[in-house]
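Below: the structure, in structure tokens.
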2 protein chains.
Amino acid sequence: MPLIKVKMLEAEGGQGAVKPTGRKRARAQTRIQREKQEVILEAALDVFSREGFRGATIDQIAEAAGMSKPNLLYYFPRKEEIYKRLMTAMLDVWLAPLREIDSDGDPVTELRSYIRRKIEMSRDYPRQSRLFANEMLQGGPRVLDVLETDLKGLVDEKVQIMEGWMDAGKIVRTDPYHMIFSIWATTQHYADFDVQVRAVLGKDRGGEGRFEDAARYLENLFLHGLLPKER
Amino acid sequence: MPLIKVKMLEAEGGQGAVKPTGRKRARAQTRIQREKQEVILEAALDVFSREGFRGATIDQIAEAAGMSKPNLLYYFPRKEEIYKRLMTAMLDVWLAPLREIDSDGDPVTELRSYIRRKIEMSRDYPRQSRLFANEMLQGGPRVLDVLETDLKGLVDEKVQIMEGWMDAGKIVRTDPYHMIFSIWATTQHYADFDVQVRAVLGKDRGGEGRFEDAARYLENLFLHGLLPKER
DNA sequence: CAGAAATTTGACCAGTTGGAAAAAACGTTA
DNA sequence: TAACGTTTTTTCCAACTGGTCAAATTTCTG
């Protein structure tokens, strides 16, 4: 049960495809509607994640989706609704790994696989990560309330689990909030700063293997740190 | 001697203030020119770091700078030049801490103070961080070459230092590139994702103290990891 | 202070932007 | 196949965009 479902769902509104005709009873979506909406959202993810909300234009999205602007507007009557749809969908997917952290699991295993999953997300859904990053850079005007309620709630919940692990001496006593931040930061970095990562690694090391390297490095960092065990 | 000075300096061009009149010999800048350019760059940093290059408008910048658009264009004849100026200045400041890493210093001290400095940068110059992040999200079209040459060069240099430390058994043998990435990621996170950090920490813990907390947590993470020393 | 140079303003422009409206084309089903 | 609902296209618009230009104003310098 996704905790982050949220009030942004109010994005629906409009007439075109979503709320078919006039005041009649809403009809089930046609095949075309489902397909085209999918194509549009896919194209919009591309554009919004690169340019941000203001920087993206409906024309760009329409072109990427292979249709005319008015045609696109038939499915999503305003730019903002496409964006909102993407944001809710993204948040839902994006936080799944955090939700999966299990208080009953072995702390080391749980942390390890959380890091793994987050790196895999950066590898497999980099645009979603960038979409979110873009929103954050702008000060999160369209998701701030969600962050303060749903996200904070979810994090608080997981923080308690970690405090339990600390009490049990399974992990070192430290700040659980910053712990979570550091996992987010290090893993999402590989999506958000992908260009930089590849530029610095160079042609030879910048291949797909970089995600595996990153995962291995991060596991060690988080578990053991950089200092040798015996000195 | 800043390694990152770069070809972007070609940003200069134009007529207005920068290259005073016609083909005459370039004259020294007046007081007003220096002042206004400063005001403009300050305002532009605000806008660009929030909206990205495309999302920002000259009007917004002009208003933030308290002047009319044509007046602003008198000092910087095109939008792109303001942006380039900001980018070079930012890169220079932003990479200073990395340059300072000293191969002769004590590894632990050096790493510690690198992390410290980076966190302080995020606290004191968050907009510069966001400006850079924005550029990265867009795929770095205006700095890619700089990253591939100057930045990579600088990083390679520091990577060697770290390999030296590993050879000497001072720090654990690990991937030095990802090591640097993880320091960048964790520290810059506090500037780039500031909204999120504050939303999750909540009113009580989201005050200025968060940077000190972050620094303390990160020092421990990087040196010792999350696992207890003896189990 | 006069004159020149530097700065600021207002009017303007062509291209882009988000979006509306209506008509045309298409698909489905009674 | 006729009628209806769905989808697409064409045309259009007002606001905004980056930028120009000449005239007006202010500041500096001798």
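We did not get these values from a lab; they are worked out from the coordinates using the rules stated. Computed from a predicted model, the values in this text were never measured in an experiment. For neighbour counting, all protein chains shown are included, and Cβ atoms are generated from backbone atoms with ideal geometry for every residue, glycine included.
Just to verify a number: FRET efficiency for A:Glu38 and A:Gln160, C-beta to C-beta distance, R0 = 35 Å, to 0.05? According to the calculation, E is roughly 0.40.
Filter A:Lys170/B:Lys229; A:Lys84/B:Lys69; A:Lys118/A:Lys152; A:Lys203/B:Lys152 down to the pairs with a C-alpha to C-alpha distance above 22 Å, please. Spell out each step's value before the answer.
Numbers: A:Lys170/B:Lys229 11 Å; A:Lys84/B:Lys69 32 Å; A:Lys118/A:Lys152 18 Å; A:Lys203/B:Lys152 11 Å.
Checking Cα-Cα distances, A:Lys84/B:Lys69 exceed 22 Å.
Each part reduced to its alpha carbon centroid, region B:94-146 and region A:35-106 end up 31 Å apart.
I want the local charge near A:Tyr114. Using Cβ-Cβ distances under 13 Å, sum +1 for each Lys or Arg and -1 for each Asp or Glu among the other residues. Working shown, then result.
Values: positive: A:Arg99, A:Arg112, A:Arg116, A:Arg117, A:Lys118, A:Lys158; negative: A:Glu100, A:Asp102, A:Asp106, A:Glu110, A:Glu120, A:Glu219.
For residues surrounding A:Tyr114, the net value is 0.
Between B:Arg99 and A:Lys203, the modelled label-to-label distance comes to 2.9 nm, taking each label 7 Å out from Cα in the direction of the beta carbon. From the helices alone, meaning DSSP H stretches of at least four residues, give me the mean residue ellipticity at 222 nm for the protein assembly as shown, per-run term -39500 (n - 2.57), in deg cm²/dmol to the nearest 500. Roughly -21000 deg cm²/dmol at 222 nm, from the helical runs in the protein assembly as shown. Ratio of Rg to Rh for the protein assembly as shown: 1.00 [Cα atoms; Kirkwood radius as inverse mean 1/r over pairs].
Can you tell me what percent of all Cα-Cα pairs in region A:177-231 are more than 12 Å apart? Could the numbers behind the result be given before it?
Details: 1043 of 1485 pairs.
Beyond 12 Å sits 70 percent of the P(r) for region A:177-231.
With Cα atoms as the point set, the radius of gyration and Dmax of chain B evaluate to 20.6, 76 Å. Of the residues A:Thr174, B:Pro77, B:Thr149, the one whose Cα sits farthest towards the positive end of the charge dipole of the protein assembly as shown is B:Pro77 (charges of +1 on Lys and Arg Cβ, -1 on Asp and Glu Cβ, taken about the Cα centre). Placing a pseudo-label 7 Å from each Cα along the Cα-to-Cβ vector at B:Leu144 and B:Asp92 gives an inter-label distance of 2.6 nm. Select from chain B the helices, each a whole stretch of DSSP H, whose alpha-carbon atoms run 27 Å or more along the helix axis and whose Kyte-Doolittle mean is at least -1.0; answer none if there are none. Qualifying helices, which must be both long enough and hydrophobic enough, are B:31-55. For region B:95-224, the alpha carbon positions stretch 46, 37, 21 Å along the principal axes, listed from largest to smallest.
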